[in-house]
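Every read-out reported here was derived from the displayed coordinates using simple, explicitly stated rules and does not represent laboratory data. Note that the coordinates shown come from a computational prediction; the quantities given were computed from them, not determined experimentally. Cβ coordinates were reconstructed from backbone atoms using ideal geometry, including for glycine residues, and neighbour counts include every protein chain displayed.
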Amino acid sequence: MTEAATHAIQTPSINEYTEETANMNTSDLIEKLVADQGLTKVQSKAIVDSVLKGITDAVVAGDEVSLPGFGKFKVQSRAAREGRNPATGATIKIAASKKVAFQPAKALKDALNG
């Protein structure tokens, strides 16, 4: 594979995110910790995994997770309702469910909107 072809398939570095490449994943967060904090990849992965597990465990327990300056993760209940099967148009019952909602903090909104 040529150098140009290899470069074309690499993901952008953490500093190269633009509106066109605005997707960040767990690996990118781990790389950010490595670069910013001087940690190893193993240490950074353990931290990211632990934080995500903590958020997940709290939300599953029905707790609200508040991260000052970032936002809140909350559980919202959705009532049972009727819907329509798009293929047949038949009325169907949609069971009650829960979902996780994220409410950004004012500081995050301000940073986003300049």
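A compact table of results
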quantity	calculated
Cα gyration tensor, segment 40-91 - rounded (a/c under 1.5), prolate or oblate	prolate
Neighbour net charge for Ser77 - beta-carbon separation under 9 angstrom, K R +1, D E -1	+3
Environment charge at Gln103 (Cβ cut-off 11 Å; Lys +1, Arg +1, Asp -1, Glu -1)	+3
